[in-house]
Ligand code: ADP
Ligand code: MG
């Protein structure tokens, strides 16, 4: 049964999509059968994996509206062990509709039941607001991974996330775990970063992950070219950091870290 992890924080531009895409790719490289789902109507993770309107058959939109079953929305990717479900929301009308349908918090959880057996990990890239599609993602999840970029309001956003988790636990009667807080775009020895990290450690110390992601332009370039960093520049610091994150998460959940070998990346024949 897959471990389902939401990548969420009610703030934009903190590295949610970059983390969802690159963590999913790193887990796939470790031969974990992984499914990435784009829960954000903006569709950034589809672009980051090189999907265009023409290469998308169906997505979350069709699944939420019962137009198609979830199996039909699963797309293969360049990586053998990574599958992807795009949001496939292509107009304002579609966006309004999917958000309305998502008022029912249980849709994704129900839809995932039939595919969770096929995967080791399901990673959900959430939008920068809570409720709606995020509520659906969290209701379906075993845990939440909280990426945060150091700076103003960072702590506020994490506080809001934790309050919201309490609410999700109450209304969905579910023990959702915190997978961890991940510092992204880390620039050590800058004043703002040092203060933010200190504040986060003081308040949420036990949830802070050992791995942090450095600021690394190769991560932006990779998404621009529609590839996970590991396929764009396997030697860049960003790719290495996300491999380390995957290893930390695997160790948390399996009790022992596997040896990750980025040199034996398995590419999909169908991609
Ligand atoms: P979110 O999904 O939270 O809105 P994104 O993952 O889209 O955030 O990241 C916002 C911007 O920051 C993007 O342009 C992305 O390429 C860039 N970015 C993300 N992580 C890093 C990093 N570690 N180093 C440099 N740029 C990054
Ligand atoms: Mg995003």
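Please go through the range 107-150 and pick out each residue that is surrounded by fewer than 18 Cβ atoms within 10 Å (Cβ to Cβ) and farther than 26 Å from residue 76 by Cβ.
Residues satisfying the conditions are 128, 129, 131.
Would you pick out the residues in the range 6-45 that are surrounded by 24 or more Cβ atoms within 10 Å (Cβ to Cβ), away from ligand 1 (no atom under 15 Å from the Cβ) and over 23 Å from residue 233 (Cβ atoms)?
Across the range 6-45, the qualifying residue is only 35.
Out of (1) in contact (Cβ under 8 Å) with a residue 60 or more places away in the chain; (2) within 16 Å of ligand 2 (Cβ to nearest atom); (3) closer than 18 Å to residue 172 by Cβ, the odd one out for residue 112 is which?
Unmet for residue 112, out of (1) in contact (Cβ under 8 Å) with a residue 60 or more places away in the chain; (2) within 16 Å of ligand 2 (Cβ to nearest atom); (3) closer than 18 Å to residue 172 by Cβ: (2).
Look at the range 178-206 and say how many of its residues are within 23 Å of residue 238 (Cα to Cα), touching a helix residue (DSSP H, G or I) at 6+ places or on another chain (Cβ under 8 Å) and in a helix (DSSP H, G or I).
Number of matching residues: 2.
When you go through (1) in contact (Cβ under 8 Å) with a residue 40 or more places away in the chain; (2) over 29 Å from residue 204 (Cβ atoms) one by one for residue 90, which number turns out not to apply?
With respect to (1) in contact (Cβ under 8 Å) with a residue 40 or more places away in the chain; (2) over 29 Å from residue 204 (Cβ atoms), residue 90 is out only on (1).
Filter the range 41-63 down to the residues that are more than 15 Å from ligand 2 (Cβ to nearest atom) and within 20 Å of residue 117 (Cα to Cα) and list them by number.
Those that are more than 15 Å from ligand 2 (Cβ to nearest atom) and within 20 Å of residue 117 (Cα to Cα): 59, 63.
Please indicate, with yes or no, whether at least one residue in the range 228-244 is at pLDDT 95 or above, within 16 Å of ligand 2 (Cβ to nearest atom) and surrounded by fewer than 13 Cβ atoms within 10 Å (Cβ to Cβ).
no
The values are calculated or read from the model by the stated rules, or taken from the named source; none is laboratory data. Just so you know, these numbers come straight off a predicted model, no measurement behind them. Here the Cβ is made from the backbone with ideal geometry for all residues, glycine too, and neighbour counts use every protein chain on show.
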